[in-house]
């Protein structure tokens, strides 16, 4: 309680010193964090990270030029693993009265209900030292008791959740649901002093890009309730492309903003945001600047891109691939026709002999035919058993995997083109293969929640390897690998 009264008096004193200037809200002012470190906006948004590892930074100069020290500075490392994400880093934030310096960790996970519906939970845990800001305008002697060295150590918890239905998501976050001062040994904020945020967003592909990373447009609306201040309302929108990104928005307290960034060497993203003056800004300088950067490394999210190829290269040799496909089909037709001719000739010979022979000969031929069929059945069963028990030694550098019987899948060797865990990217890839004249198949493994896309099933490893090495008779130029179902 003492801590809350102290903060209130300090805010009032700051307002007196700053005259008619609107005092700054004490939140993180993270309304523009859409593409880099969005977990500070809502803890669950760290699940948007596609790369396995990411290092990112964010700096904000509130109503001042970038040649001064930033009012907010963040540096974090993020890690994404399937349906979980965690990150941690350094955060320094100036609330106009206090300067907060410390670290934080983030953890988020999602619970899938169906293929397109999931519920994500996440939390940010902050631990920082807090002292009076150098430019707070507060006299060196505080009005109410404060630690002798003007420093406090605080733990703050920011939980949040998001319900995702397809490309639509709605969520809430509580910036200071729990906070604790070690100096005063009690809560920093009362129950009616909590900062609450709500958001709704809808992202959709706009065409272009690649199947693994399509161009995407995401509008978002939000509100933020900060005790002692008017509720903030805002709208943001971001467009993410392979080589650049754009964003814009409006916040009812801070005003409109525009941002632009570029992607370099596939892994590096650098950009900036300018927030224009609002009526709440000081008359001398109303612009706010932000700088964001990130570097991705490690594997891309397997559910979006597994084999590792660029779809933009698939159509370069269409005529040559079509000719090779037709030649392969003609050869297969001739082999099949020759087999049928030999079978018809053998049957005609057998019937002629039956007509020439006596009834005894006929019965004997029938017995021999039955025996032959029995032997053929035995041999066929032996071949099927040998196929199932065949031991395959992977060649050097070959990607080859084996699985036990999977559902009602027919045993054999499957030529795999890609694997997906997200329905949107799976549908886009299947459509692209069909547009190229292919007839892909697929099956779903419930054990790892992946959809496997294959071009064809083969009865022998030799046939599967020939198809892989020939790029499916020249019809498919992407990477292929063999999956055996026993």
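The values are calculated or read from the model by the stated rules, or taken from the named source; none is laboratory data. This one's a predicted model, so the numbers in the text were calculated from it and none came from an experiment. Note: ideal-geometry Cβ built from the backbone for every residue, glycine included; neighbour counts use all protein chains shown.
Odds and ends about this structure:
- The requirement of being at pLDDT 50 or above, closer than 22 Å to residue 182 by Cα and within 18 Å of the chain's Cα centre (by Cα) is not satisfied by residue 150.
- Residue that is modelled with the highest pLDDT, among those in region 373-394 that are within 19 Å of residue 481 (Cβ to Cβ) and exposed (fewer than 10 other Cβ atoms within 10 Å of the Cβ): 393
- Residues that are part of a loop (DSSP other than H, G, I, E, B) and either within 26 Å of residue 200 (Cα to Cα) or not assigned by TED's automatic domain parsing to the domain that holds residue 40 (or both), drawn from region 84-131: 113, 114, 115, 116
- The sole residue among 427, 408, 479 that is part of a loop (DSSP other than H, G, I, E, B), closer than 30 Å to residue 216 by Cα and out of contact with any helix residue (DSSP H, G or I) (no Cβ under 9 Å at 6 or more places or on another chain) is 479.
- Within region 64-88, tally of residues that are surrounded by fewer than 19 Cβ atoms within 10 Å (Cβ to Cβ) and modelled with pLDDT of 90 or more: 7
- Qualifying residue in region 37-53 (condition: out of contact with any strand residue (DSSP E or B) (no Cβ under 7 Å at 6 or more places or on another chain) and more than 24 Å from residue 273 (Cβ to Cβ)): no
- Residue that is surrounded by 14 or more Cβ atoms within 10 Å (Cβ to Cβ) and at positive phi, where the choices are 454, 420, 472, 443: 472
- A Cβ distance below 6 Å, combined with a sequence gap of six or more or placement on separate chains, defines the contacts here; from region 41-59, residues that are not assigned by TED's automatic domain parsing to the domain that holds residue 251 and at pLDDT 90 or above reach no residue that is crowded, with 24+ Cβ neighbours inside 10 Å and part of a strand (DSSP E or B).
- Check on residue 176, buried (at least 20 other Cβ atoms within 10 Å of the Cβ) and part of a loop (DSSP other than H, G, I, E, B): yes
- Hey, residue 332 modelled with pLDDT of 85 or more and surrounded by 12 or more Cβ atoms within 10 Å (Cβ to Cβ) or not: no
- Qualifying position, being touching a residue at least 40 places away in the same chain (Cβ under 8 Å), within 56 Å of the chain's Cα centre (by Cα) and outside the structural domain of residue 473 (by TED's automatic domain parsing), among 330, 322: 322
- Candidates 288, 231 - the one that is in contact with a strand residue (DSSP E or B) (Cβ under 8 Å, 6 or more places away or on another chain), surrounded by fewer than 19 Cβ atoms within 10 Å (Cβ to Cβ) and over 24 Å from residue 208 (Cα atoms): 231
One line per residue, one yes/no per condition, for (1) buried (at least 16 other Cβ atoms within 10 Å of the Cβ); (2) on the phi < 0 side of the Ramachandran plot; (3) in contact (Cβ under 8 Å) with a residue 24 or more places away in the chain; (4) not in a strand (DSSP E or B):
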{"residue": "236", "(1), (2), (3), (4)": "yes, yes, yes, no"}
{"residue": "257", "(1), (2), (3), (4)": "yes, yes, yes, no"}
{"residue": "262", "(1), (2), (3), (4)": "no, yes, no, no"}
{"residue": "273", "(1), (2), (3), (4)": "yes, yes, yes, no"}
{"residue": "298", "(1), (2), (3), (4)": "no, no, yes, no"}
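Residue-by-condition table, conditions (1) closer than 20 Å to residue 420 by Cα; (2) assigned by TED's automatic domain parsing to the domain that holds residue 242; (3) at pLDDT 90 or above; (4) over 31 Å from the mean Cα position of the chain (by Cα):
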residue: 163; (1), (2), (3), (4): no, yes, yes, no
residue: 185; (1), (2), (3), (4): no, yes, no, yes
residue: 215; (1), (2), (3), (4): yes, yes, no, no
residue: 223; (1), (2), (3), (4): no, yes, yes, no
